[in-house]
1. I need the fraction of alpha carbon pairs in segment 134-206 separated by more than 15 Å, rounded to a whole percent.
2. Given R₀ = 25 Å, what would the calculated FRET efficiency be for ASN189 paired with ASP226, taking r from the Cβ atoms and rounding to 0.05?
3. Looking at the P(r) of segment 234-373, how many percent of alpha-carbon pairs lie beyond 28 Å?
4. Using only alpha carbons, build the gyration tensor for segment 168-276 and give me the equivalent ellipsoid semi-axes, biggest first, whole Å.
5. I'd like the projected area of segment 3-120, averaged over all directions, using the convex hull of its alpha carbons. Report it in nm² with one decimal.
6. Tally Lys/Arg at +1 and Asp/Glu at -1 over every other residue whose Cβ is under 15 Å from the Cβ of ASP52; what's the total?
7. Where does the chain land at 222 nm, in deg cm²/dmol rounded to the nearest 500, when only DSSP H runs of n ≥ 4 count, each adding -39500 (n - 2.57), divided by all residues?
8. Treating only the Cβ atoms of Lys and Arg (+1) and Asp and Glu (-1) as charged, compute the dipole magnitude of the chain about its Cα centre; round to the nearest 20 debye.
Amino acid sequence: MTEAAKHPPAGRPLRAIIVEDTPDDIALLLLALRRAGYATDHAHAQTAEELDAALRTGQWDVVLADYSLPDFSGLLALAQVGAYDPDMPFIIVSGNIGEDVAVAAMKAGAHDYLIKGNLTRLGAAVERELREAEMRRARRRDEEALRHARLRLQALSNRMLEMQEAERRHIARELHDEIGQSLTAIKLNLEALALRSADEAARRLADEIAGVAGEVLEQVRRLSLDLRPPQLDDLGLSAALHWLVKRHTREGGPAIVLEAPQELPRLGAQAETACFRVAQEALTNALRHAGATQVRIELKLEEDMFCLDVGDDGRGFDVAAARARALLGTSLGLVGMNERVALAGGEMGIASHAGSGTRLSVRLPLPVAELKAV
Ligand SMILES: Nc1ncnc2c1ncn2[C@@H]1O[C@H](COP(=O)(O)OP(=O)(O)OP(=O)(O)O)[C@@H](O)[C@H]1O
Ligand SMILES: [Mg+2]
């Protein structure tokens, strides 16, 4: 049991570890603290083992340490306390500390230093350090809470994107396989009916309905592909991008150029989907907003990176202003691209200025298995 636990002194309670070998100096420290209004409950340590034991026995407010001891040192104690609790106030109280030694101690993380001969400042120093330690702890708690919130948000975002892709894949297949096949059957049967019917009016009607069924079938196929082209799952990113370019190329519209290596390693579902969706959004943006005459999509492998660049020669835009507007929730494109790339462990940048076109660059780390092959 510590001294103060047996005879609790009056004053503001303070729990201090005193790293000191001279009993008189301990008494002087306790006296200075009492004069400053503290009722100090203290533990005493002269070695690393004793300090370790003291740190483990309870909650401490402050460590007051001599600079040099026969079997220990203030700097060793400082490192030991820092490893135990980086926010714990640590004040060096030494007899013969020179300016340069004091500076070195502060650099090593001591919060203050005092000379044994002049302890009038001790109370104020302890008070200030207790306040600052509380602020450091509060900041650390806030940072930790923020980190957890960020991780939760990231997990949620990841899950939502996964679910969105799974849902798109499911609806695309359902549209293509079930509805598409039923429509095909309706169309073929109507055509057969038209051929067999002797009634001219009935034949024309059957032909007309078969024509409408054919158009709906075409729309359903397009919708299915737009939701998620099967190439992305079956053949990989390069094939899916070739489809994307073909899908958006129109006569009289901007030229869309795709440069991609013949052989591209599979990057994993998340990275490939991220790249495809980014290229899709960037291409849509270029076609919708840029007034470009050319859009260029480039895929390449660079050492340990996979690179996707989408550039257009259109009117360009103020990226910072667009990002600020996006925070109001009016548009999702830029935010969605950033999110997908970040979740896949990559980085995305956009370079654009009014009148000078836009260039979007994505860099994704290659999967470890592919690193060896490159
Ligand atoms: N390639 C581009 N050229 C010119 N302006 C662009 C280009 N890409 C984006 N922008 C500008 O940035 C804005 C934000 O783009 P973003 O993709 O986030 O939203 P959006 O395309 O307007 O809507 P959403 O993508 O949600 O359907 C656009 O409204 C447009 O003004
Ligand atoms: Mg957009």
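Since every read-out is calculated from the coordinates, none of them should be taken as a lab result. Nothing here was measured: the structure is a model prediction, and the numbers come from that model. Reconstructed Cβ throughout: ideal geometry from the backbone, glycine too, with neighbour counts over all protein chains shown.
1. 75
2. E(calc), rounded to 0.05, equals 0.35.
3. Numbers: 1583 of 9730 pairs.
Counting every Cα pair in segment 234-373, those more than 28 Å apart make up 16 percent.
4. On the way: eigenvalues 284, 56, 19 Å².
The three semi-axes for segment 168-276 are 38, 17, 10 Å.
5. Working: hull surface 27.5 nm².
Directional mean of the projected Cα hull area for segment 3-120 stands at 6.9 nm².
6. Values: positive: ARG56; negative: GLU49, GLU50, ASP71, ASP85.
With Lys, Arg at +1 and Asp, Glu at -1, the net is -3.
7. -17500 deg cm²/dmol
8. Details: 45 positive and 56 negative charges, 231 e Å.
Roughly 1100 debye, rounded to the nearest 20.
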